[in-house]
Amino acid sequence: MYSLLGYTQWRNFEAIINKAKAACTNAGEDVTYHFADVSKMISLPKGAEREIDDIYLTRYACYLTAQNGDARKPAIAFAQNYFAVQTRRAELVEQHLLDYERVQARTKLTETEKLLSGVFYERGVDSKGFAIIRSKGDKALFRLDTALLKCKLGAPHSRPLVDFLPTISIKAKDFAAEMTSINVQQKDLYGQSSIEKEHIENNTAVRNMMG
């Protein structure tokens with residue numbers, strides 16, 4: 001590998017390997033896994049062979065080696081740029097997956113709350129009452145009322161709170177809302193007072209479970 005990265009002598013490249021190993025150790029990784037000491041046979045004149053020491057590198061070890069190499073060497077500069085591009089690409093993919101998960105959670109919560117609103121309406125709770133119950137559920141879940149929570153998250157007053165919640169909090173709200181929807185029907189609850197109590201209890205239970 002050392003010749004591929006522009007080094008003509010092993011002893012010069014070995015210093016880079018040692019720096020890479022130190023970086024690996026400082027990162028809490030297993031050096032023996034990423035830098036595996038092996039031996040191999042090389043051909044000599046007249047058909048003879050000789051065993052020499054070698055090192056097998058994982059992709060992570062290659063990255064560390066390139067990062068600790070001499071950037072004035074074109075091969076090292078190329079390797080550093082390659083790993084920088086691949087790292088950024090992986091970050092973008094990861095962010096895309098996280099954004100997709102959040103959108104899915106947001107869509108699911110909207111569907112659950114739409115269903116919950118219908119259940120409430122059938123049991124004597126109007127849209128105003130639904131908003132009050134939902135707000136009190138949020139306070140039980142987050143230990144802050146909606147206005148204070150929006151302020152903490154930097155959310156404008158005119159925007160829905162859920163637009164600024166992390167994915168896990170959206171899922172928590174959805175779980176509590178589903179519990180309320182099921183329990184209201186199973187317990188045959190009616191009226192804002194009893195349903196409000198049920199929703200607060202469910203949000204408190206979800207908070208305790210997450211804790």
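The values are calculated or read from the model by the stated rules, or taken from the named source; none is laboratory data. Remember, predicted model here, so these are calculated numbers, not experimental data. For neighbour counting, all protein chains shown are included, and Cβ atoms are generated from backbone atoms with ideal geometry for every residue, glycine included. These area figures cover heavy atoms from the full protein model, side chains too; ligands, DNA and RNA do not enter into them. Shrake-Rupley method; radii C 1.70, N 1.55, O 1.52, S 1.80 Å.
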- Single unsatisfied condition, P156 versus (1) modelled with pLDDT of 95 or more; (2) in a loop (DSSP other than H, G, I, E, B): (1)
- Item | Inter-residue pairs, beta-carbon under 6 Å, first over 14 Å from T112 (Cα atoms) and in segment 177-193, second open to solvent by less than 90 Å² (accessible area, probe 1.4 Å) and assigned to a loop (DSSP other than H, G, I, E, B), 6+ apart | Y190/R123; Y190/G124; G191/G124; Q192/V125
- Message: I'd like the residue in segment 45-91 that is in a strand (DSSP E or B) and open to solvent by 60 Å² or more (accessible area, probe 1.4 Å) and, out of all such residues, is nearest to K21 (Cα to Cα).
- Response: Y56
- Message: Cβ contacts < 6 Å: first residue in the same structural domain as L165 (by the TED database), restricted to segment 106-126; second residue of a type in the set (K, R) and open to solvent by less than 50 Å² (accessible area, probe 1.4 Å), any location; separation 6+ or different chain. Result?
- Response: L109/K173
- Query: Tell me, which residue of segment 115-159 that is under 14 Å from E198 (Cα atoms) and among the aromatic types (F, W, Y) is most open to solvent (accessible area, probe 1.4 Å)?
  - Reply: F130
- Take segment 6-44 and flag every residue that is in contact (Cβ under 8 Å) with a residue 24 or more places away in the chain, in a helix (DSSP H, G or I) and either exposed (fewer than 13 other Cβ atoms within 10 Å of the Cβ) or under 25 Å from the mean Cα position of the chain (by Cα) (or both). A23, C24, Y33, H34
